[in-house]
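Okay, so here's the structure we're looking at.
The values are calculated or read from the model by the stated rules, or taken from the named source; none is laboratory data. Computed from a predicted model, the values in this text were never measured in an experiment. No Cβ is skipped: glycine too gets one built from the backbone with ideal geometry, and neighbour counts run over all protein chains shown.
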Amino acid sequence: MSALYVETSSLLRWIFGEDLAGRVASLIGSTPNPVSSALSLLEAHRAIIRVRSLDPAAGAAARRADELLTRVSGRWTLAEVSQEIRTRAARAFPVEPVRTLDALHLATALEFGKVYPNLSVLTFDRRILANLEPLGLACALTDA
């Protein structure tokens, strides 16, 4: 069974309409099993609040991003940051350094990989990208 792990960097590109947002939307929309960490939604909501606070003129765009995030994530399977995920995130990764939030995303993707053997990861984060292949995870964007 296949699934798509949606990491925060790709989610933010999509909800804020940044470069390659259409491609991200297409990949997420076409997967039968979008999965992510509850952390991704928290990071995305914090980014929306940050945009509102730094640029009050961006209020409408922030509202649209918030509505999109709420609408689409309702059908996703989300993983909480479990003890297993925390334990794996605390260990070294093949390509270091890895920041804490990135380690949590990698560990979460590895947990989802136990359920979905054909898991691919949708990310633009270079630290996460560098670790996908060594961890046996596929990149959803083959030219990323």
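Could you list, in sequence order, the residues of the range 33-77 that are charged (D, E, K, R) and under 18 Å from Val121 (Cα atoms)?
Applying the first criterion (charged (D, E, K, R)) to the range 33-77 yields 43, 46, 50, 52, 55, 63-64, 66-67, 71, 75.
Result: Glu43, Arg75.
Being under 11 Å from the mean Cα position of the chain (by Cα) and small (Gly, Ala, Ser) is the filter; apply it to the range 2-43 and report the residue that is farthest from Ser73 (Cα to Cα).
Result: Ser9.
Matching residues to (1) over 16 Å from Ile128 (Cβ atoms); (2) at pLDDT below 95; (3) exposed (fewer than 11 other Cβ atoms within 10 Å of the Cβ):
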residue	(1), (2), (3)
Leu4	no, no, no
Ser36	no, no, no
Val51	yes, yes, no
Ser82	yes, no, no
Arg86	yes, no, no
Pro94	no, no, no
Pro97	no, no, yes
Leu104	no, no, no
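Look at the range 5-31 and say how many of its residues are assigned to a helix (DSSP H, G or I) and of a type in the set (Val, Ile, Thr).
Going residue by residue through the range 5-31, those that are assigned to a helix (DSSP H, G or I) are 8-15, 21-30.
Now drop any that are not of a type in the set (Val, Ile, Thr), which leaves 8, 15, 24, 28.
Number of matching residues: 4.
So which residues in the range 78-101 are in a loop (DSSP other than H, G, I, E, B) and either acidic (Asp, Glu) or touching a His at 6+ places or on another chain (Cβ under 7 Å) (or both)? Please lay out each step first, then the result.
Our first condition is that a residue be in a loop (DSSP other than H, G, I, E, B); within the range 78-101, this holds for 80-82, 90-99.
Across the range 78-101, the qualifying residues are Glu80, Glu96.
Could you list, in sequence order, all residues of the range 43-77 that are closer than 30 Å to Ser2 by Cβ and either touching a residue at least 60 places away in the same chain (Cβ under 8 Å) or not in a helix (DSSP H, G or I) (or both)?
Gly74, Arg75, Trp76, Thr77
Considering only residues that are surrounded by fewer than 17 Cβ atoms within 10 Å (Cβ to Cβ) and either at pLDDT below 90 or over 30 Å from Gly113 (Cβ atoms) (or both), which ones fall in the range 53-76?
If the condition is that a residue be surrounded by fewer than 17 Cβ atoms within 10 Å (Cβ to Cβ) and either at pLDDT below 90 or over 30 Å from Gly113 (Cβ atoms) (or both), then Ser53, Leu54, Asp55, Pro56, Ala57, Ala58, Gly59, Ala60, Ala61, Arg63, Arg64, Glu67 are the ones that fit.
Filter the range 120-143 for residues that are in contact with a strand residue (DSSP E or B) (Cβ under 8 Å, 6 or more places away or on another chain) and among the polar types (S, T, N, Q) and give the result.
From the range 120-143, those in contact with a strand residue (DSSP E or B) (Cβ under 8 Å, 6 or more places away or on another chain) are 120-123, 128-129, 132-133, 137-141; that's our starting set.
Those that are in contact with a strand residue (DSSP E or B) (Cβ under 8 Å, 6 or more places away or on another chain) and among the polar types (S, T, N, Q): Ser120, Thr123.
Find the residue count for the range 6-34, including only residues that are crowded, with 18+ Cβ neighbours inside 10 Å and either at positive phi or in contact (Cβ under 8 Å) with a residue 40 or more places away in the chain (or both). Can you show your working first?
Of the range 6-34, the ones crowded, with 18+ Cβ neighbours inside 10 Å are 6-16, 24, 27-28, 31, 34.
So of that shortlist, the ones also either at positive phi or in contact (Cβ under 8 Å) with a residue 40 or more places away in the chain (or both) come out as 6-11, 13-16, 24, 27-28, 34.
Qualifying residue count for the region: 14.
If you take the residues of the range 106-144 that are part of a helix (DSSP H, G or I) and in contact (Cβ under 8 Å) with a residue 40 or more places away in the chain, which of them is surrounded by the fewest Cβ atoms within 10 Å (Cβ to Cβ)? Walk me through it before giving the result.
Just the residues of the range 106-144 that are part of a helix (DSSP H, G or I), to begin with: 106-115, 126-135.
Imposing the further condition that a residue be in contact (Cβ under 8 Å) with a residue 40 or more places away in the chain reduces the set to 108-109, 112, 115, 128, 134-135.
Values: Thr108: 28, Ala109: 27, Phe112: 20, Val115: 13, Ile128: 29, Pro134: 10, Leu135: 17.
Checked the range 106-144; the qualifying residue surrounded by the fewest Cβ atoms within 10 Å (Cβ to Cβ) is Pro134.
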